[in-house]
Protein chains: 2
Amino acid sequence: MRPIAVYVGGSTLTSTIPGLSIAGPSPEGTLYTPTLDLEYLTLGLPRTMNVIPMTPDGLLTPALITRAALELTKVPYLAVDAGTYYGIKAPHVRLPSARYGENIAERPAMPRGTARSLFEEARTLGRLISRGHDLVLIGETIPGGTTVAAAIMNAAGLDGVGYVSSASPNNPKDLKRQVVSKALSRVSEGSDIFSIVDAVGDPVHVTMAGVALGAMEEGATAVLAGGTQMGAVLAILRGVGADTSKVSLWTTKWILNDETSNIRAIAEAFDVRDLEGSEVDFADSPFEGLRMFERGFVKEGVGAGGTMVLASKMGFDAGSVKSAIYSEYKRLRNLGSA
Amino acid sequence: MRPIAVYVGGSTLTSTIPGLSIAGPSPEGTLYTPTLDLEYLTLGLPRTMNVIPMTPDGLLTPALITRAALELTKVPYLAVDAGTYYGIKAPHVRLPSARYGENIAERPAMPRGTARSLFEEARTLGRLISRGHDLVLIGETIPGGTTVAAAIMNAAGLDGVGYVSSASPNNPKDLKRQVVSKALSRVSEGSDIFSIVDAVGDPVHVTMAGVALGAMEEGATAVLAGGTQMGAVLAILRGVGADTSKVSLWTTKWILNDETSNIRAIAEAFDVRDLEGSEVDFADSPFEGLRMFERGFVKEGVGAGGTMVLASKMGFDAGSVKSAIYSEYKRLRNLGSA
């Protein structure tokens with residue numbers, strides 16, 4: 001197996017709607033999360049602020065899991081800036097059309113044409129990095145991502161809001177439904193997928209779709225490493241005529257087992273190549289920050305589940321992955337950042 | 001062999017000194033060259049301006065050779081922006097400290113600390129991309145590069161000006177010597193290598209050195225794909241205590257055979273792992289733009305020589321590389337850009 005991974009970050013101002021996303025210390029604070037996630041993933045420490053992305057409740061970013069798995073497996077990887085609000089102070093891939101998305105409850109996500117430009121740029125990136133590799137794993141970090149993903153899915157004719165999960169155990173479905181409903185009022189019947197993304201989407205999901213298509217065009221397997229948001233990526237791929245039955249969907253067991261969302265329905269709707277969940281379980285973890293994952297917090301993000309599935313397929317058993325995660329947890333705690 | 005390649009672009013305002021560099025249509029025009037080179041290399045066409053980088057005499061950028069060899073070999077690659085004057089309108093790796101260099105005849109190249117920051121960022125990049133690869137090839141595009149490289153080498157105690165070549169058959173050595181002499185007046189005795197680069201260097205060579213060290217730290221072979229400028233990269237590597245006898249130096253036969261410069265002396269001074277030159281010869285080419293290479297024009301750039309050497313080591317003979325270059329030449333001519 002010759003894998004390579006990219007982790008696509010971006011912001012949507014939708015995440016600043018109070019109560020929508022807990023992927024940050026405050027509604028406005030969610031705008032820092034992709035920046036800090038990708039700096040930490042790349043450098044081992046965030047740079048823009050001296051904090052590991054976490055919530056007031058002590059919830060850690062799933063990037064901790066991702067980084068631990070990457071250090072264990074030595075899979076090559078790069079962060080991609082599709083439109084972070086605060087940039088990335090670490091080496092990363094820059095897409096020329098990168099820009100953050102607006103609050104879709106209030107106005108169009110991006111200027112007309114942005115989604116198509118991002119898609120084509122990401123497709124080029126996918127082609128370039130796929131050479132010499134047989135698998136391209138694509139993760140994401142975008143607070144508010146399930147809401148914009150639901151809007152994209154709904155606009156594409158699916159039950160997006162019904163499908164999507166939340167980083168909170170109390171999935172704020174009513175609020176999501178309100179936001180999506182406002183957003184959809186801007187989408188006209190029969191819009192093409194790029195118009196939909198410009199109107200009610202964000203920069204991240206369309207970038208992931210572009211990388212996936214580029215990878216498939218070079219003969220590599222495209223793996224979407226994420227939760228229910230991946231339904232939006234699949235909808236974009238279907239919208240451009242790509243064969244979603246060749247795309248893999250790898251996530252966490254917390255998403256597979258989540259009763260407030262339905263990733264299996266998404267996998268079926270797009271007839272994906274395979275739906276897999278990581279086996280790693282933190283029920284017996286000595287660290288409260290990790291045991292919280294078993295109570296429905298966080299669930300997925302920054303490709304955590306998919307990166308663990310990849311480790312498993314590369315021959316690393318769940319115990320060794322867990323050890324790597326514990327070591328990384330302790331490293332951060334000792335740095336005083338976690 | 002599991003290679004990956006990066007092509008590092010940046011500008012130095014030194015290239016705008018009249019008569020110093022022919023790597024552009026005019027002294028000011030040289031500032032566009034890295035931008036157009038890397039857009040073309042990545043997308044197959046430049047984007048910022050609708051022209052293939054070339055000189056008034058119809059000299060083509062060596063990026064044409066590089067792209068043809070990459071399309072033939074399917075080696076994965078990425079452009080890196082270390083400080084282009086006009087940015088790169090294609091997916092590329094961005095280093096946070098990227099910035100163009102000032103004219104070293106007049107003022108310090110970069111604010112103090114920039115060289116070290118770029119080096120560390122590039123080192124991280126080198127580590128990340130080397131995973132899963134056994135060879136990292138590193139090319140460059142920086143008009144005026146031989147002059148700033150000579151200044152770095154001289155400041156590091158070598159005969160830089162004596163060693164370096166030129167993209168012109170008439171190597172303007174006197175002018176280079178004047179520029180280097182002015183630059184060196186700003187370097188104090190016993191300066192460390194990063195202070196030297198900040199004072200009389202540029203963003204590109206130090207970035208190449210960082211990628212090379214990162215690659216070696218991950219166990220990959222670092223290949224410097226360039227001409228005599230690579231002496232500056234080797235000087236920086238030696239300056240940080242790296243073992244240059246583990247670094248490969250691959251270039252063109254035009255550089256190996258150039259009587260105005262001395263790449264063999266550079267290879268010896270740093271005891272490099274191997275010095276190799278591509279065998280491809282355009283003497284019998286039907287295209288004047290390529291035959292000019294045999295008359296001492298261009299000689300090297302954008303990793304052209306090293307990428308051809310890599311193709312050869314991957315089992316592609318000189319004939320197939322030449323065919324690929326001819327096809328690419330015709331493609332560009334038919335687009336009306338060449």
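Checking A:Gly83, A:Gly101 one by one, the residue that is more than 14 Å from chain B (Cβ to nearest Cβ) and in contact with a strand residue (DSSP E or B) (Cβ under 7 Å, 6 or more places away or on another chain) is A:Gly101 and no other. Among the candidates B:Val302, B:Val280, B:Val321, B:Val240, the residue that is touching a Ser or Thr at 6+ places or on another chain (Cβ under 9 Å), of a type in the set (A, V, I, L, M) and closer than 29 Å to B:Ala156 by Cα is uniquely B:Val302.
Note on the range A:299-309: residues that are touching a helix residue (DSSP H, G or I) at 6+ places or on another chain (Cβ under 7 Å) and either open to solvent by 10 Å² or more (accessible area, probe 1.4 Å) or not small (Gly, Ala, Ser) (or both) total 5.
Determine whether A:Ala109 is open to solvent by less than 10 Å² (accessible area, probe 1.4 Å), touching a residue at least 24 places away in the same chain (Cβ under 8 Å) and more than 16 Å from B:Lys89 (Cα to Cα). So that I can check it myself, show each step before the final result.
Numbers: open to solvent by less than 10 Å² (accessible area, probe 1.4 Å): yes; touching a residue at least 24 places away in the same chain (Cβ under 8 Å): yes; more than 16 Å from B:Lys89 (Cα to Cα): yes.
It is true that A:Ala109 is open to solvent by less than 10 Å² (accessible area, probe 1.4 Å), touching a residue at least 24 places away in the same chain (Cβ under 8 Å) and more than 16 Å from B:Lys89 (Cα to Cα).
Looking at the structure I just gave you, is A:Gly219 modelled with pLDDT of 95 or more, under 23 Å from A:Ile4 (Cα atoms) and open to solvent by less than 10 Å² (accessible area, probe 1.4 Å)? Here the answer is no, as A:Gly219 does not meet what is asked. Here B:Arg94 passes the criteria (1) open to solvent by 20 Å² or more (accessible area, probe 1.4 Å); (2) more than 14 Å from every other protein chain (Cβ to nearest Cβ); (3) touching a His at 6+ places or on another chain (Cβ under 8 Å) except the one numbered (2). The residue of the range A:9-41 that is surrounded by the fewest Cβ atoms within 10 Å (Cβ to Cβ), among those that are in contact with a Gly (Cβ under 8 Å, 6 or more places away or on another chain) and within 12 Å of chain B (Cβ to nearest Cβ), is A:Thr35. Count of the range A:257-296 residues, restricted to those that are open to solvent by 40 Å² or more (accessible area, probe 1.4 Å), over 13 Å from A:Thr228 (Cβ atoms) and assigned to a loop (DSSP other than H, G, I, E, B), is 7. The single condition among (1) more than 29 Å from B:Val309 (Cα to Cα); (2) in contact with a Leu (Cβ under 7 Å, 6 or more places away or on another chain) that B:Arg116 does not meet is (2).
Take the residues in the range A:46-80 that are open to solvent by 30 Å² or more (accessible area, probe 1.4 Å) and away from chain B (no Cβ under 14 Å); name whichever of them is modelled with the highest pLDDT. Checked the range A:46-80; the qualifying residue modelled with the highest pLDDT is A:Met49.
I'd like to check something: does the range B:113-132 contain any residue that is within 8 Å of another protein chain (Cβ to nearest Cβ), within 29 Å of B:Ile17 (Cα to Cα) and under 18 Å from the mean Cα position of the chain (by Cα)?
Looking through the range B:113-132, at least one residue is within 8 Å of another protein chain (Cβ to nearest Cβ), within 29 Å of B:Ile17 (Cα to Cα) and under 18 Å from the mean Cα position of the chain (by Cα).
How many residues are buried (at least 24 other Cβ atoms within 10 Å of the Cβ) and either part of a helix (DSSP H, G or I) or of a type in the set (Gly, Ala, Ser) (or both) when one looks only at the range B:129-152? The qualifying residues number 12. The condition of being closer than 19 Å to B:Ala79 by Cα and either modelled with pLDDT of 95 or more or in contact with a strand residue (DSSP E or B) (Cβ under 7 Å, 6 or more places away or on another chain) (or both) holds for only one of B:Val200, B:Val204, B:Val180, that being B:Val204. In summary, A:Leu158 fulfils each of the numbered conditions (1) in a loop (DSSP other than H, G, I, E, B); (2) touching a Lys or Arg at 6+ places or on another chain (Cβ under 8 Å); (3) surrounded by 17 or more Cβ atoms within 10 Å (Cβ to Cβ) with the single exception of condition (2).
A Cβ distance below 9 Å, combined with a sequence gap of six or more or placement on separate chains, defines the contacts here; from the range A:22-38, residues that are in a helix (DSSP H, G or I) reach residues that are open to solvent by 50 Å² or more (accessible area, probe 1.4 Å) and of a type in the set (A, V, I, L, M) in the pairs A:Thr30/A:Ile22; A:Tyr32/A:Met49; A:Tyr32/A:Val51; A:Thr35/A:Met49; A:Leu36/A:Met49; A:Leu36/A:Val51.
The values are calculated or read from the model by the stated rules, or taken from the named source; none is laboratory data. Here the structure is a predicted model, which is why all the values come from computation and not from measurement. Counting neighbours? That spans all protein chains shown, and the Cβs are built from the backbone with ideal geometry, glycine included. Accessible surface is based on the protein model in full, side chains and every heavy atom, while ligands, DNA and RNA are left aside. Shrake-Rupley method; radii C 1.70, N 1.55, O 1.52, S 1.80 Å.
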